[in-house]
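The values are calculated or read from the model by the stated rules, or taken from the named source; none is laboratory data. These figures come from a predicted structure and were not determined experimentally. Here the Cβ positions follow ideal geometry from the backbone for every residue, glycine too, while neighbour counts run over all protein chains shown.
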Amino acid sequence: MRRVPRVLAAIGLVVAISLLAGCAGLTGGSIPPGGGLGGLGRATGVIVRGDNANSPLVGASLRFLPKTNRSRVISGGGTTDPPTPPDWGGGGTGGTDNGGTVTQTEPTGTVHSMSGSDGTFAANQLVAGPNWVEVTPPTGSGLARTYYTLTITGGMDYYLYLAPLPTSFTTVGFTGIQVTPETIDVSVGMARQIGVAYLGGAPPTVVPSMLVSGNCGVISTYGEFVGVQSGQGSVLVKVGPYEKTLPVRVH
């Protein structure tokens, strides 16, 4: 009996986010595919506190930054295209890299968004290819700026359940995550709980981030995958530096 209101609540969230993104609502129990315009992608979702899944994060800023070796210009030595995301400031010069001065410029095609009063957001016209997803929590939130990697396919929708972790989060004694089930196979309108166990010394209570690809489902406030349209995709589960990808099939 408890499953029905949970699934209805999740599908209600899909409707709200679909309208926010400028697309039609559910038609026949599904989200219209190919939400990206002109071969571009689109992402919708919600941001919650990484220490409390029941607390939506209001006023968090997001940037979708295409990965490119021209994202960072080094003068006076150093290297380009660093393995970790630079602090792009939208222009200007600051900091050093291997002894060189770093000119920080946003990559062409960067998309900005912000979470609303319920933590939801929408980002349209995302450039195809690998992107950094940067989440900057509001000042004073006690949460750390967080980066995710998302590979965009033109014409595809992505649902992102993002949970930036507290600044006090540490990986000391924390060696990985174990995610169940290993694959997800559900019918449209059905939910499947995603369980995350922490290996090694368990960290303080943290909330996993989950990124859904494939136009086929969303993540509920209970950490469930909810199938909303027939198709195949994946769910990337991430906690700190550890992540696991689950294949998904909705029928």
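Does the range 113-128 contain at least one residue that is over 22 Å from Tyr242 (Cβ atoms), under 12 Å from the mean Cα position of the chain (by Cα), of a type outside the set (A, V, I, L, M) and not in a loop (DSSP other than H, G, I, E, B)?
yes
All but one of (1) more than 19 Å from Thr151 (Cβ to Cβ); (2) modelled with pLDDT of 65 or more; (3) of a type in the set (S, T, N, Q); (4) surrounded by 16 or more Cβ atoms within 10 Å (Cβ to Cβ) hold for Ser30, so report the exception by its number.
Unmet condition: (2).
Test Pro166 against the stated conditions and say whether it is touching a residue at least 60 places away in the same chain (Cβ under 8 Å) and farther than 17 Å from Val207 by Cα.
no
All but one of (1) loosely packed, with under 12 Cβ neighbours inside 10 Å; (2) at pLDDT 95 or above hold for Met114; state the number of the condition that does not hold.
With (1) loosely packed, with under 12 Cβ neighbours inside 10 Å; (2) at pLDDT 95 or above applied to Met114, the lone miss is (1).
Please report, ordered by residue number, the strands (runs of 3 or more DSSP E) entirely within the range 178-251 with at least 2 residues that are under 14 Å from the mean Cα position of the chain (by Cα). Working first, answer last.
Working: elements: 184-186, 191-193, 195-200, 209-213, 217-219, 224-227, 231-239, 242-250.
Hits in the range 178-251: 209-213, 217-219, 231-239, 242-250.
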